[in-house]
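Everything below concerns the one structure shown next.
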Amino acid sequence: MPSALVCPDCGTTYPDRWRCECGHPLEFAETPLPGGPAPDPAAFDGRRGLWSFEEFLPVDREVTLGEGATPLVDAPEWDAQFKLEYVFPTGSFKDRGATTTLSRAAELGVEKVVEDSSGNAGAAIATYAARAGIDADIYVPASVKASKLRAIERAGATPVRVEGSREDVTDACLDAVASGDGWYASHAWNPAFFAGTATVAYEIARQRDWQVPDAVVTPLGHGTLFLGAYRGFRALLEAGWTDRMPRLLGAQASGYAPIAEELHGASEGTNDVADGIQIRDPVRREEILEAVVETDGDAIALDADAVGRELERLHERGFYTEPTCAVAPAALQAYRERGVLDTDSDVVVPLTGSGLKG
Ligand SMILES: [Zn+2]
């Protein structure tokens, strides 16, 4: 039986639905948590990828391409560890959420999914839908990068290109959902997606022998990875496998920085280099702010120049990533310069998307 969903705001439960009648995002009514002490990190079977943490997952492994268990490597020039989240079947961390979301769709017997995306989430959902034999319509901005459009098309999904802003793309997709065009496999709304992105925390902790870093710095648009990390580290703490939370530090794009602006006031300029996080109204805004407060976290905005420079630096050191990804290591530097992070703090930065699709 697929797990039921519940609204954390008004308490209404549903067998399945994309959001509550009251408008709030839904969560799984029950989230599994393993009992007993933390297992030997070496005992994990890497061949099962992120599904080796299925004890934490509220969905069964129905649709998989062997994703997860991405490398965690030292990055001495940044005095940090990088989690290579671009080492995934579709070249971005969005596969973490796509495998769990399409598994949920398969459990429910869904025949067609719809999703709206600037590219990476769309490519991930299209690819995992292909793996599942489920049809997919992917709503994308008319300006979508050709490489991402190609990934969607080659997987047999139908791209729907929408003129206008990123918000217009979402609106068009929501119209389709409202008229019954398909099941909303949304990386912003669907709790199955966040159950998947939470596995980044399990992997980081396991790769460090259950020692949580002082801080994790991630790009921050809808908060797919930021909140996944928050949920994952919280679950580890609740399970008793770790003893603290890391500080969660977000990196936003100037001009698209609602969280940074709420914390620090308006940012200057715009940043169209980081095209993957041009989100002005994140669905889970309250939860993001809660995660910032609870972890002594923060969010700042980076301009296009800072991200462009950081991208070059990454490439020159062998990290072939896409532009949006560079916002996080650029933020790491800014956090240190501003004294938010001590110079000797132990930091993990996920590198979220591949340059091959960038
Ligand atoms: Zn509700």
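The values are calculated or read from the model by the stated rules, or taken from the named source; none is laboratory data. Worth saying up front: this structure is predicted, and the values here are computed from it rather than measured. Glycine also receives a Cβ, built like all others from the backbone with ideal geometry; neighbour counts cover every protein chain displayed. Accessible surface is based on the protein model in full, side chains and every heavy atom, while ligands, DNA and RNA are left aside. Shrake-Rupley method; radii C 1.70, N 1.55, O 1.52, S 1.80 Å.
So which residues in segment 1-14 are within 10 Å of the ligand (Cβ to nearest atom) and part of a loop (DSSP other than H, G, I, E, B), if there are any at all? Residues satisfying the conditions are Cys7, Pro8, Asp9, Cys10, Gly11, Thr12. For segment 209-260, the set of residues classified as over 18 Å from Ala328 (Cβ atoms), touching a residue at least 40 places away in the same chain (Cβ under 8 Å) and either part of a loop (DSSP other than H, G, I, E, B) or in contact with a Phe, Trp or Tyr (Cβ under 7 Å, 6 or more places away or on another chain) (or both) consists of Asp209, Trp210, Ala235, Gly240, Trp241, Thr242, Met245, listed by residue number. When the residues of segment 305-332 are narrowed to those that are open to solvent by 30 Å² or more (accessible area, probe 1.4 Å), in contact (Cβ under 8 Å) with a residue 40 or more places away in the chain and assigned to a helix (DSSP H, G or I), which ends up nearest to Asp79 (Cα to Cα)? Taking the candidates together, the pick is Arg313.
Condition first: within 16 Å of the ligand (Cβ to nearest atom) and among the basic types (Lys, Arg). Now tell me which residues in segment 15-47 satisfy that. Even if it seems obvious, please write down each step before you answer.
Within segment 15-47, the subset within 16 Å of the ligand (Cβ to nearest atom) is 15-29.
Matches in segment 15-47: Arg17, Arg19.
Looking at Gly232, is it in contact with a Ser or Thr (Cβ under 6 Å, 6 or more places away or on another chain) and open to solvent by less than 10 Å² (accessible area, probe 1.4 Å)?
On the way: in contact with a Ser or Thr (Cβ under 6 Å, 6 or more places away or on another chain): no; open to solvent by less than 10 Å² (accessible area, probe 1.4 Å): yes.
Taking the combined requirement at face value, the residue does not satisfy it.
Would you check which residues across segment 133-154 are under 19 Å from Val110 (Cβ atoms) and either under 21 Å from the mean Cα position of the chain (by Cα) or among the basic types (Lys, Arg) (or both) and list them?
Ala136, Asp137, Ile138, Tyr139, Ile152
In segment 1-55, the residue that is surrounded by the fewest Cβ atoms within 10 Å (Cβ to Cβ) out of those that are of a type in the set (S, T, N, Q) and within 20 Å of the chain's Cα centre (by Cα) is Thr31. Considering segment 147-167, and only residues there that are outside any helix (DSSP H, G or I) and of a type outside the set (Val, Ile, Thr), the residue that is surrounded by the fewest Cβ atoms within 10 Å (Cβ to Cβ) turns out to be Glu163.
If you go through segment 73-116 and keep only what is within 11 Å of Leu351 (Cβ to Cβ) and open to solvent by 30 Å² or more (accessible area, probe 1.4 Å), you end up with Val73, Gln81, Tyr86, Val87.
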